[in-house]
1. Grab the Cα-Cα distance for residue 362 and residue 267, subtract it from 0.36 nm times how many residues apart they are, and report the gain in nm with one decimal.
2. Ignoring everything except DSSP H segments at least 4 long, calculate the 222 nm mean residue ellipticity for the chain; use -39,500 (n - 2.57) per segment, divide by total residues, nearest 500.
3. Shape call for the stretch 184-318 from the C-alpha gyration tensor, a ≥ b ≥ c root eigenvalues: rounded (a/c under 1.5), prolate (a/b greater than b/c) or oblate?
4. Could you tell me whether the stretch 360-423 comes out rounded, prolate or oblate from its Cα gyration tensor? Rule is a ≥ b ≥ c as square roots of the eigenvalues, rounded for a/c under 1.5, then prolate if a/b exceeds b/c, otherwise oblate.
5. Which of 245, 155 has the fewest other C-beta atoms within 10 Å, and how do the rest follow up to the most?
6. Spin-label point model (7 Å from Cα, Cβ direction): what's the residue 347 to residue 240 distance in nm?
7. Please report 143, 197, 47, 333 as a ranked list, fewest other C-beta atoms within 10 angstrom at the top and most at the bottom.
8. Over the alpha carbons of the stretch 1-65, what is the largest minus smallest coordinate on each principal axis, giving the biggest first in Å?
Amino acid sequence: MDIDIKSLHTVTLDPDKCKGCVTCMKRCPTEAIRVRNGKAKVLYERCIGCGECIRLCPHHAKKASYDPFDTIYNYKYRIALPAPSLYGQFNNLTDINYVLNGLLEIGFDDVFEVGRGAELISAASKILLDKGHIRKPVISTACPAVLELIMVRYKHLLPHLLNLLAPVDIVAKLAREKALSQGIPAEDIGIFFISPCPAKVYALKSGLGVKKPLVEGVLAVSDVYLRLLSAMSSLKPEQIKPISKLGVEGMQWASSGGEAAALYRDKYLAADGVENVNNVLKALEDNTLRDVEFIELNACISGCVGGVLNIENPFIAKARLRGLRKRLPNGKCNTLADQGKSLDYYMWEKEPDFKDVYKLDEDRLAALNKLIEIDKILEGLPLIDCGECGAPSCRAFSEDLVNGEIPPDTKCPKVIDESAKNS
């Protein structure tokens, strides 16, 4: 699967719906949005796919990118990878095997639960934490939006990153190996993750942490939901095969704090919501976090159940999952010993690259001169970060001026208004 990363956009804009209200721009954690000519514009090199702009847009002008469901029919043997958060989308669900059998009914030939990969990653995490080779506090890399945020804004925290693959990458590898062992030709195999968020779409299509993408496509929970609900409704109890191999640990990963709890350690911190994540990372960078060994961060409120590609309120989904967990085995259902793989199998194949998207210029002297110019511009600005200029902050406005992103004669609207009052 050849992907043009530069053209891989996790968020697209419907210009007819966009009113230029600056809501998305003000809440973007990486200042990746500007409003130009009354319409939002995404600076994709800064976008981390967190979905905050989609969640907050009052006009529904932002749309997440994912593969159409019919893409699965490009392959003869189709494997679904459902995330644990998927189970929280269904009301009155008492047996997750209904969901897995429903996936078989709507066109898949096999199902491999991502929660199984989560249990394996939990086991691998314990080994790495005990070895002490990663600087503490160790930061989970399971949320790709958080990982991208660190890659964009927090270079000094790179030594703290847990260098393990995401659970979906592990199950994608295991699912492919299983299919190949059954004699299915490699070209016939199509592996599809059912994603709760756009960050995972980008991560899987770009191959974050791996040498090449491990799936053939990424579907949205919201796009699969109605098909799946219809199929589940028509299933009779005697038709339900006991497919699930998921335990409590794997199901916990769907909600914030679940990954940390699966490590059975007391000194951990779990935070969710992109603003809270930013605050934790700033505190860690400032060395004000103490007595913490492990940090779990999720860009979405409540964790993966809060992803914008889901259909259910995250708090309702979280409550449903608590009920489902009571019906799952408490023991270790998916262990490293069961798979017979070395620890390397679960670790990054390549380290993600730090993205210096805020660099003013490749030439250090030119960058210094631009910085001086920015500071001069800031002296004449009100520094209230109102967003009226189409930039998220006065500093961002100054940078846009210096970098030629806007005409050099562009003035701050507040300064213009003040001049008009005094004239």
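1. On the way: separation 95, 0.36 × 95 = 34.20 nm, distance 4.13 nm.
Difference between extended and current length: 30.1 nm.
2. On the way: 16 runs with 157 residues, N = 423.
Result for the chain, helices only: -11000 deg cm²/dmol.
3. Values: a/c = 1.99, a/b = 1.61, b/c = 1.24.
Prolate, since a/c reaches 1.5 and a/b exceeds b/c.
4. Numbers: a/c = 2.34, a/b = 2.10, b/c = 1.12.
Taking the square roots of the gyration eigenvalues as a ≥ b ≥ c, the stretch 360-423 is prolate.
5. On the way: 245 16, 155 12.
Arranged by neighbour count, lowest to highest, 245, 155 become 155, 245.
6. 4.2
7. Numbers: 143 27, 197 31, 47 23, 333 18.
Lowest to highest Cβ neighbour count: 333, 47, 143, 197.
8. 37, 23, 22
No lab work stands behind these numbers, since they all come straight from the coordinates. All values reported here derive from a predicted model rather than from experimental measurement. With ideal geometry, Cβ positions are generated from the backbone for all residues, glycine too; neighbour counts draw on all protein chains shown.
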